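Contents: one structure, followed by commentary.
The values are calculated or read from the model by the stated rules, or taken from the named source; none is laboratory data. These numbers come from a predicted model, not from an experiment. Cβ: placed from backbone, ideal geometry, glycine included. Neighbour counts: every protein chain shown. Side chains are part of the model used for accessible areas, which takes the heavy atoms of the whole protein and leaves out ligands, DNA and RNA. Shrake-Rupley method; radii C 1.70, N 1.55, O 1.52, S 1.80 Å.
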Amino acid sequence: MHPVTPADTPVDDPAGPGDMTPAQQLRKVLQPAGCRVMPCCFDALSARLVEHAGFPLTFMSGFAVSAARAALPDTGLLSVSEMLDQGRSICDAVSIPVIGDGDTGHGNPANVRRTVTQYARAGFAGIMLEDQLAPKRCGHTGVKEVVSRTEALRRIRAAVDARDAGADLVIVARTDARSALEAVHGPRRALDEAIWRLQAFADLGAEVLFLEAPRSEAEMARICREVPGLRMANMLEEGITPVLPPTRLAEIGFRIAAYPLTLLSCAVHAMQAALQQLQLGQTPAARVDFATLRGIVGFDAYDALLDQYRHEDAPSNCDQSDVDQDASQ
């Protein structure tokens, strides 16, 4: 396998992104071999920066949204409405496909189906659903409980049914069984169960499979040997899973390398440094200039659009005196 650089996109399909749904666009991005580097976003601005940097996809991180939107921990405190509101802003701001964190699906299989439908309507290309017991928590902060096999399969079956009924999203099926079951069953049996669940999720129709928080490169290699479909790795700095370079992840067999908190952590670090300098009466030097910031948020495009209408010719049946009169009022 060979790694795919951030700006690489498949070129075998002559249709452009504007001719495809977000889910179709995501499937196209994920089709060729190699590992996609996927920085995760938390708001519209961070998503736009991911796109401007040349990455072909992004993921709306639940941890990062909880932190940025409400300064809360990722423990299931945000509602599905809050996640959808954040997601709409993100999807509207970019043209690259966005995968949304759907947590546990926010309830029983009927809730899961509605969550999937809502995420599709919001503009997402994919949704990640997990098997934790609600309220869920970040997988690197001590997951203790997952639902039964039966309930976990019901969630993914409901998501696939919603997709097949028209809410077309790439289903990313996640299990936290490796962490939740280790204390009772030991690491080997916990990993066995996690892999069994991913295999079952794939049989149900999930397209991307994600085992959260493997403890070693050997465990990561076993996941790729035994789990079918497209596999995702979570590269959380200072987390439980070894942070491997994308080239190595590609060799092992991962298709996506998610970086869930890299942008948020760097943003917090930069803001703290800036605040320290302001306390000293200094203007921070490590910043983008005003012109760059205006361009990122769209001032130039906004002014160009206004100019387009300002310089339009007057209609042929419009008398010039009428124009002058309107202008004076």
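Listed here are the residues, each with its yes/no results for (1) assigned to a loop (DSSP other than H, G, I, E, B); (2) within 22 Å of ARG48 (Cβ to Cβ); (3) under 31 Å from the mean Cα position of the chain (by Cα); (4) not aliphatic (A, V, I, L, M).
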| residue | (1), (2), (3), (4) |
| --- | --- |
| LEU275 | no, no, yes, no |
| LEU278 | no, no, no, no |
| GLN282 | yes, no, no, yes |
| VAL288 | yes, yes, yes, no |
| ALA291 | no, yes, yes, no |
| ARG294 | no, yes, yes, yes |
| ASP300 | no, yes, yes, yes |
| LEU306 | no, yes, no, no |
| TYR309 | no, no, no, yes |
Exercise. If only one of ALA67, ALA120 is surrounded by fewer than 21 Cβ atoms within 10 Å (Cβ to Cβ), outside any strand (DSSP E or B) and of a type in the set (A, V, I, L, M, F, W, C), which one is it?
Worked result: ALA67
Seminar exercise, completed: Over the stretch 209-248, the set of residues buried (at least 17 other Cβ atoms within 10 Å of the Cβ), farther than 23 Å from THR141 by Cα and in contact (Cβ under 8 Å) with a residue 60 or more places away in the chain is LEU230, PRO246
Exercise. Is it true that some residue in the stretch 32-40 is crowded, with 21+ Cβ neighbours inside 10 Å, modelled with pLDDT of 95 or more and farther than 24 Å from GLY253 by Cβ?
Worked result: no
Exercise. Within the stretch 42-64, which residues are open to solvent by 30 Å² or more (accessible area, probe 1.4 Å) and either of a type in the set (Asp, Glu) or part of a loop (DSSP other than H, G, I, E, B) (or both)?
Worked result: ASP43, GLU51, ALA53, PHE55
Problem set entry | THR104 in contact (Cβ under 8 Å) with a residue 60 or more places away in the chain and either open to solvent by 20 Å² or more (accessible area, probe 1.4 Å) or not in a strand (DSSP E or B) (or both) | no
Exercise. Are any of the residues in the stretch 218-230 in contact with a helix residue (DSSP H, G or I) (Cβ under 6 Å, 6 or more places away or on another chain), more than 30 Å from LYS28 (Cα to Cα) and not in a loop (DSSP other than H, G, I, E, B)?
Worked result: no
